[in-house]
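Enquirer: Sharing a structure, written as structure tokens. Questions coming.
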Amino acid sequence: MMCLLIIHATRRRSLKLCLMILFLVSICIMHLQTFISVTSLRDPVDNFESGFGFFRDFPYPQWLGDNPQIHKFLDDPRKYYDKTTPWHFRAKNYMAFDLGLEYESDDESYIKEAIKLTEHRFGLVMITDRFEESAILLKHELCMDVEDVAYLRLVYVFLISLTIFKAQSTKGI
């Protein structure tokens with residue numbers, strides 16, 4: 001998800017906050033000098049695991065049946081992955097899709113270019129796994145007070161099961 005902050009060019013004061021689910025270059029290019037764009041990225045393994053559990057409509061049930069199992073998919077993703085299935089991009093590189101990048105590309109040179117493009121498009125790329133540090137960077141970028149970025153953590157994850165999943169599935173993802 002992208003957050004576009006339209007700011008006053010000299011005072012660096014936020015005038016508008018716009019949330020976008022999908023990065024649209026055509027909209028953003030018009031305002032390149034007047035906004036700061038912010039996005040957040042997540043560890044790809046965590047992102048995939050979360051998406052697999054969250055998206056119960058498409059594409060996994062079409063590929064794996066009514067009770068899709070993540071390990072079954074990871075055992076042979078090429079066997080199941082089908083670009084004709086609605087929302088298929090959720091299984092490939094969802095973050096790249098959201099950023100308006102070629103989510104199907106595995107080409108190393110394209111990946112390096114996509115990283116440079118992302119650095120150019122966004123004034124701040126926050127890292128979900130480093131949320132506290134990212135919030136401090138956001139605070140500095142927007143000249144905010146600590147109270148503006150303070151939050152209460154409401155969700156706790158059982159790290160033991162997450163660690164076991166990562167160890168078994170990171171390579172497959």
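Read the figures in this text as sums done on the coordinates, not as results from a lab. Bear in mind the structure is a predicted one, so any value in this text is a computation, not a measurement. In this analysis, Cβ positions are derived from the backbone assuming ideal geometry, glycine residues included, and neighbour counts consider all displayed protein chains.
Enquirer: Distances over 15 Å make up what percent of all Cα-Cα pairs in segment 32-106?
Expert: Tail of P(r) above 15 Å: 59 percent of Cα pairs.
Enquirer: What ranking do K116, K72 get, fewest neighbouring Cβ atoms within 10 angstrom at the top?
Expert: Ordered by Cβ neighbours within 10 Å, fewest first: K116, K72.
Enquirer: Ranked highest first by the average count of other Cβ atoms within 10 Å around their residues, in what order do 38-49, 96-107, 76-87 fall?
Expert: Taking the mean over residues of other Cβ atoms within 10 Å, the ranking is 38-49, 96-107, 76-87.
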